[in-house]
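The structure appears below as structure tokens.
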Number of protein chains: 4
Amino acid sequence: MSQQKLSDLNTYSKSDFVTALANVFEYSPWIAEQTAAARPFAGVTALFAAMKAAVDCAPSELRLALIKAHPDLASKTQRAAGLTAESDAEQNSVGLDSLSDAEYTAFERANDAYRSKFGFPYIVCVRRQTKASILRDFERRLPNDASAEMQTSIEEICRIAALRLDQLVASDDKLKVHGRLSTHVLDTHGGKPAAGVAVVLTELSELGASRVVARTVTNSDGRTDQPLIGGRPVPIGSYELAFRVGRYFAERQVPMSDPPFLDQIPLRFSVSEPEGHLHVPLLVTPWSYATYRGS
Amino acid sequence: MSQQKLSDLNTYSKSDFVTALANVFEYSPWIAEQTAAARPFAGVTALFAAMKAAVDCAPSELRLALIKAHPDLASKTQRAAGLTAESDAEQNSVGLDSLSDAEYTAFERANDAYRSKFGFPYIVCVRRQTKASILRDFERRLPNDASAEMQTSIEEICRIAALRLDQLVASDDKLKVHGRLSTHVLDTHGGKPAAGVAVVLTELSELGASRVVARTVTNSDGRTDQPLIGGRPVPIGSYELAFRVGRYFAERQVPMSDPPFLDQIPLRFSVSEPEGHLHVPLLVTPWSYATYRGS
Amino acid sequence: MSQQKLSDLNTYSKSDFVTALANVFEYSPWIAEQTAAARPFAGVTALFAAMKAAVDCAPSELRLALIKAHPDLASKTQRAAGLTAESDAEQNSVGLDSLSDAEYTAFERANDAYRSKFGFPYIVCVRRQTKASILRDFERRLPNDASAEMQTSIEEICRIAALRLDQLVASDDKLKVHGRLSTHVLDTHGGKPAAGVAVVLTELSELGASRVVARTVTNSDGRTDQPLIGGRPVPIGSYELAFRVGRYFAERQVPMSDPPFLDQIPLRFSVSEPEGHLHVPLLVTPWSYATYRGS
Amino acid sequence: MSQQKLSDLNTYSKSDFVTALANVFEYSPWIAEQTAAARPFAGVTALFAAMKAAVDCAPSELRLALIKAHPDLASKTQRAAGLTAESDAEQNSVGLDSLSDAEYTAFERANDAYRSKFGFPYIVCVRRQTKASILRDFERRLPNDASAEMQTSIEEICRIAALRLDQLVASDDKLKVHGRLSTHVLDTHGGKPAAGVAVVLTELSELGASRVVARTVTNSDGRTDQPLIGGRPVPIGSYELAFRVGRYFAERQVPMSDPPFLDQIPLRFSVSEPEGHLHVPLLVTPWSYATYRGS
């Protein structure tokens, strides 16, 4: 799908409008159809609200059909048979296309358990998750009853739709679907921002391989030119942020022990609010450091 | 060798004295022999000084023979042929009996390069080292000339001897051959020492497997009942100290995010002074922490 | 009263025993008299428990008489007429002999209000207090009813007695009546204890002048040779601990701004547990510092 | 002087231009006169550079006359006789209109010593200073020779002129004459910005009274809506920033000791770069805090 201007969507024929938004909700063009008559929309926020209202007001058979239109997560069979382009990109973003054997087994077991209990696929907005957080979410949701899970599934479907809409529609207003993860290195030995510190952000995984998410260097303000994660949700999960401070101080001829007391400093933390702004700074000397959840 | 009282050593026949101290210097009883006449010694410090003086005053052929009396580090052939009990225990303490293939190759290459350049084995006091620090020491010493390396080898031999003497001889005074690594967890959320926090100390290795050195729990004072490392040198090298703070705060019903922002906190640092006292405390809330090199 | 050995007290005639302990409870030798028969005491803890039991079991007229035997706090008339040596020293210790006019007025008003409501003097163990905390204690207790205040007064009288007994009697065991206030300066710029830092502890007062309690310099371990307050209760109240760090770093030629960003660092905190151990460390670079309630 | 648009100044008659800028340099319209011909100026930066060049190129008699056109600092006689409106406002800004007796004596002595040594008044750009820093500047400059002091005086006069020009002329570009002092309170007990904390910034003085510079409350982001000092140079000097954290935590029902360990936290620091951005944050729990020079 190429990006569309909201002003264009407002003036399209109903049919063009539905075509443009057909896959915002997976295989469910009826939602765009029911929304078309409410045009024009003042912004993408209003458009999304209208589509969500259509879902919320739909009879439960239709809602169940919407749920069943979604593929299993990380299913090799379904991936082989082909997903929508949107589903495919979303699943890849979280690494579901390159699972370790242990992870694949865990996902398959979870999918099967879920589908056999509820009769519909487990759905979660994967762009807000990591592999590890999805498996925890499975475990948390499996004991629920079907009505609670239908509700949760619809909520996750709406989160998926909001992210698709955000990518698809250009509008003056923005849906609040993005978060931000940033850092800042203060050299409290020299009393100034630490410039030129190599920083690596890694997503941690218990079952499979950890994944490097960002690799960058601090600028003259001790920050990174781009947020470590930005312009998208910050996936729920566990991370390690590593700072090469030994080299930084060595380059400045700061007296240190041999080997240096501190070299590569790892900060390990979890993200719980994908749409929030999480700031994880480092205050550092060759002999001490501190961090905190900032904002 | 069973432990000996200094007062007994002072009154033994020369022959018994030499037997008792024969292996303080590897396969070199002549050092004990030359020291016997200087008895009685006021303490183990004076005894060690006398033995070291005998080494320092020896003609260079004898010093070279002393050096050559030592085995190669981590040599499978020599280990199979048998080391002195002391050498064997020392090499095992640092993990030289369970090297990964990559490590074994690295040691063998280093030993060969050293021996072919200098004509005598590479010697280092392994109880003051980790596998990684030994390989760095190799690299640092290989470019030296033979006379500098003979001097360094004698110094390392004296360090080995001091540690053997410390274990062998009971005396009122003590050789300064031991260091200490300790920690302390302060709960700055509650304003009190953090009791019951699980702590794991791991020795890090780049080529092989990391080794857990200590696994303990903080007491009511936020400290560990025993130092993490004590009663021996703290091996030069790189370590990770991990604190299970997520569980600590969860057990106290402290409000946290889900998943908790901080769960297992890793502090990574290096030891450079095996005989020093290194204190690595953790000041922690569910949202922040700090550490520093204390004393 | 000169110090007495517990063993002597155990063998004195009843009359000598009573003479020796007559003023442990202000003008109330009957308490020592009732305790004499329970001799010998294994330690001062047992002796104090026996005296306290005598007070607790006394009929309420006697307990009221004990309360009324105490002088008003900070009363110029009573000070002129003469207090027991013990009361005089205790009141002086907290500065009640050198009140500002505003303080004197506040104490007089409080005393009068208390005495006119309850018919007996306001009693507090002044060695556990500062002028400011006494005035807060007044305000907190004035709304109480007479029976609660009799109980509180007896508790305070027992605290006074315990401190007097601790000073008077030499015994192997010790009453738990002392606290400790200590500090520690860590130079996290240099990675070592900060030696030679001038430290001043001041007791703060809202109505009158602040009082310097201790003036010292850190030793090679970054600590003070003596605790800032020790061998006595740490008075409840508000304090400022000031560290001359600008000079410390200047003497070490550490590059700083002109004027230095940090020069004299004040830490302001309150003491709430006179018998506890309060540790207030400073972690400092020329550009940053941190403190926390340690133990 | 009312504010002037640069575009207007560029098109004024020479006479109007000189009138408008006459007092940018104290009682020295010749500088504006010499600058008029270089119009039009692309911005205020270029205008200031041209005026400064006129001063730098002037013969030394004229430069001396410029220096002598300035009043003594804090002189009661001259203040009574009348200063230019600009001088008056500048001197008041730093509190020179309300000196304590000790301060007044110190200024008078310094002025006299300076004038009698050099034959011209001591000049400093007071908007970049505090009373205390001016007295230190006096002491530092008095030992200089006359030629160095003429140079320094001209530099200070140009700083005064730049600030006057910045206020007087509206232009798209801005002279770099402003600094900023800001703070940020992080509640590391709750893991969020501390909102609603009362903050007071005081300028400290050794000889006279301290002056409250700003009194504000943190907003929902833990910052202050306006910088503590902004839109002007941050005067060189010593400051105390006090945070009412006891009340903040009490209002959130956080368990604390009685009295609270921390109540009003003072941070004492000095400013050395009036045109810089100085950020002094507070990371705080009821039991610990930290600060650092941020940016």
Discussion item. Given points 7 Å out from each Cα along the Cα-Cβ axis, report the residue A:244 to residue D:53 separation in nanometres with one decimal.
Written reply: 4.7 nm
Worksheet entry | Nm distances between copies for residue A:253, ranked from closest, using label points 7 Å along Cα→Cβ | 1.2, 5.9, 5.9
Worksheet item: DSSP H helices in chain D with Cα extent of 30 Å or more along the helix axis and mean Kyte-Doolittle hydropathy at least -1.0?
Response: D:146-168
Worksheet item: Quick one: how many lysine pairs in chain C have C-alpha atoms under 25 angstrom apart, if they're 8 or more apart or on different chains?
Response: 16
Worksheet item: In nm, to one decimal, how far is the modelled label at residue D:81 from the one at residue D:2, with both set 7 Å along Cα→Cβ?
Response: 3.2 nm
Discussion item. Given a 1.4 angstrom probe, I'd like the percentage of the accessible area of segment D:179-290 that is carbon and sulfur, rounded to a whole number.
Written reply: 47 percent
Worksheet entry | Charge tally in the Cβ shell below 13 Å around residue B:48, where Lys, Arg are +1 and Asp, Glu are -1, residue B:48 excluded | +2
Worksheet item: For C:238-244, what's the mean count of beta carbons from other chains sitting within 10 Å of each residue's beta carbon?
Response: 1
Discussion item. I'd like the distance separating the alpha-carbon centroids of segment C:242-257 and segment B:181-237, in whole Å.
Written reply: 33 Å
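With r as the distance between the Cβ atoms of residue C:264 and residue C:192 and R0 = 22 Å, compute the FRET efficiency 1/(1 + (r/R0)^6) and round to 0.05.
Given R0 = 22 Å and the Cβ-Cβ separation, E is 0.55.
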Practice prompt. Using packing as a proxy for protection, rank D:185-195, A:43-53 so that the peptide with the highest average count of other Cβ atoms within 10 Å comes first.
Written response: D:185-195, A:43-53
Worksheet entry | Total accessible surface hidden between B and D, rounded to 100 Å², 1.4 Å probe | 600 Å²
Item to complete: Rounded to the nearest 0.05, what FRET efficiency do residue D:42 and residue A:101 give with R0 = 56 Å and r taken as the Cβ-Cβ distance? Could you check?
Response: 0.25
Discussion item. Using the Cα centre of the protein assembly as shown as the reference point, and only Cβ charges (+1 on K/R, -1 on D/E), how large is the resulting charge dipole? Debye, rounded to the nearest 20.
Written reply: 0 debye
Worksheet entry | Test item: Cα-centred dipole of segment A:199-295, Lys/Arg +1 and Asp/Glu -1 on Cβ, debye | 100 debye
Item to complete: Which order do the peptides A:165-175, B:245-255, D:128-138 take when ranked by the mean count of other beta-carbon atoms within 10 Å per residue, highest first?
Response: D:128-138, A:165-175, B:245-255
Practice prompt. Of the options D:118, D:38, D:295, report the single residue whose Cα projects farthest towards the positive end of the charge dipole of chain D (beta-carbon charges: Lys, Arg +1; Asp, Glu -1).
Written response: D:295
Worksheet, complete the sentence: accessible surface per residue for the protein assembly as shown, probe 1.4 Å, DNA/RNA/ligands not counted, whole Å² -> 42 Å²
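Could you rank the peptides B:57-65, A:232-240 by their average count of other C-beta atoms within 10 Å per residue, with the highest value first?
Ranking the peptides B:57-65, A:232-240 by packing returns A:232-240, B:57-65.
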Discussion item. Quick check: Cα centre of segment D:59-116 to Cα centre of segment C:37-71, how many Å?
Written reply: 73 Å
Fill in: Number of partner chain Cβ atoms within 10 Å, mean per residue of C:180-190
4
Worksheet item: In the neighborhood of residue B:184, defined by Cβ-to-Cβ distances under 10 Å, what is the net charge if each Lys or Arg adds +1 and each Asp or Glu adds -1?
Response: 0
Item to complete: Select the chain A residue whose beta carbon lies nearest to the rotation axis carrying chain A onto chain B, and write the distance in whole Å.
Response: A:290, 2
Response to the item:
Listed by chain and number, the residues whose amide H is under 5 Å from that of residue A:192, excluding neighbours fewer than 5 places away on the same chain and using placed H, are A:187
Practice prompt. May I ask you to report, in nm to one decimal and beginning with the shortest, the distances from residue A:207 to the same position in the other copies, taking label points 7 Å along Cα-to-Cβ?
Written response: 3.6, 7.0, 7.5
Fill in: Förster radius 35 Å - calculated FRET efficiency between residue A:116 and residue A:273 (Cβ-Cβ, nearest 0.05)
0.60
Worksheet item: So, with +1 on the Cβ of K and R and -1 on the Cβ of D and E, and no other charges, what is the size of the charge dipole of segment D:1-86 about its Cα centre, to the nearest 20 debye?
Response: 80 debye
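Other chains' Cβ within 10 Å of C:252-261 residues: what's the mean?
If you average over the peptide's residues, the count of other-chain Cβ atoms is 4.
The values are calculated or read from the model by the stated rules, or taken from the named source; none is laboratory data. Just so it is clear, the model here is predicted, and its values are computed rather than measured. Counting neighbours? That spans all protein chains shown, and the Cβs are built from the backbone with ideal geometry, glycine included. Accessible surface areas use protein heavy atoms only, side chains included; no ligands, DNA or RNA. Shrake-Rupley method; radii C 1.70, N 1.55, O 1.52, S 1.80 Å.
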